[in-house]
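Beneath this line is the structure, given in structure tokens, with notes to follow.
Derivation of every value follows stated rules applied to the coordinates shown; laboratory data play no part. Note that the structure is predicted; figures quoted are calculated from it, not measured. All Cβ positions, even for glycine, are placed from backbone atoms using ideal geometry, and neighbour counts span all protein chains on display.
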Amino acid sequence: MKNRSDIKILFSDKAYTDCLKALKGLDEASLTRDEVRIKSYSYQRLQRFEEAMNGWNILISRDGYDAEAYAERGVCKFHLSFKSSMEDFDKAVELEPENAYRYACRAFIKDKLGNLDGAYDDYSKSLELDPENQVTHNNMGMLQEKMGYNQRSQLHFSQADALAGLEDAVAKDMPEILTEDSLKKQTSVWTEVKRMISSTSEFKRFIRDLKSLFRKPKV
């Protein structure tokens, strides 16, 4: 380990075990906020949820207004079947009431816990705040199918497909979009596209972290 910046490189390369080994060589009390986050996320990627939760506890003790820490601790509690998991998602929403991602995450958990009406309300609020989020439209469509709203669900699936196509097109054309002249002309449009892709990417990560809980065990 040459320096602490290598920890971020290991994490970005998804070398989570090596990342944790590197962090283990540092004094726990000296870890920065980012390093504690990296440690917690690494444990989550490895499905070591109790250890991940300890990290989020540390961050919450340092800053009681850290919405991300509450939400991620809620993910860990959900995997560990803690009844208080929803309290953490509620706190995250309370701290960031204009963050569409917070509602979408809570909706996903409510759906898995059988609270379909609550999930519907949260997905609706999330789409009100971020109407161009592909993943949220897709999840709202699946929820509405469960609730028997088949026609409504198809509208959300169509919207999700359209937004997925737009995201692919933006990624393909990015070198042209990022010229100085085009940026001057399309600043507001590009800002919205970046916001859409960013929130979609974040929610995809959240769902990917939860999927393992519902995988059927191999025989």
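For this structure, a couple of remarks:
- Stretch gain in nm, segment Asn54-Tyr149, where the contour uses 0.36 nm per residue and the Cα spacing is subtracted: 30.1 nm
- Chain lengthening between Lys14 and Glu87 when straightened (0.36 nm per residue, less Cα-Cα): 23.3 nm
- Spin-label pair Arg4/Tyr65, simplified geometry with 7 Å Cα→Cβ offset, distance in nm: 2.4
- Take 22-30, 7-15 and order them by the average number of nearby Cβ atoms within 10 Å per residue, most first; the result is 7-15, 22-30.
- For Met140, the shell of other residues with beta-carbons less than 14 Å away shows a net charge of -4, using +1 for Lys and Arg and -1 for Asp and Glu.
- Cα gyration tensor category, rounded, prolate or oblate, for segment 58-128 with a/c compared to 1.5: oblate
- Selected from Cys76, Gly114, Asn99, residue furthest toward positive end of dipole (segment 76-122; charges at beta carbon): Cys76
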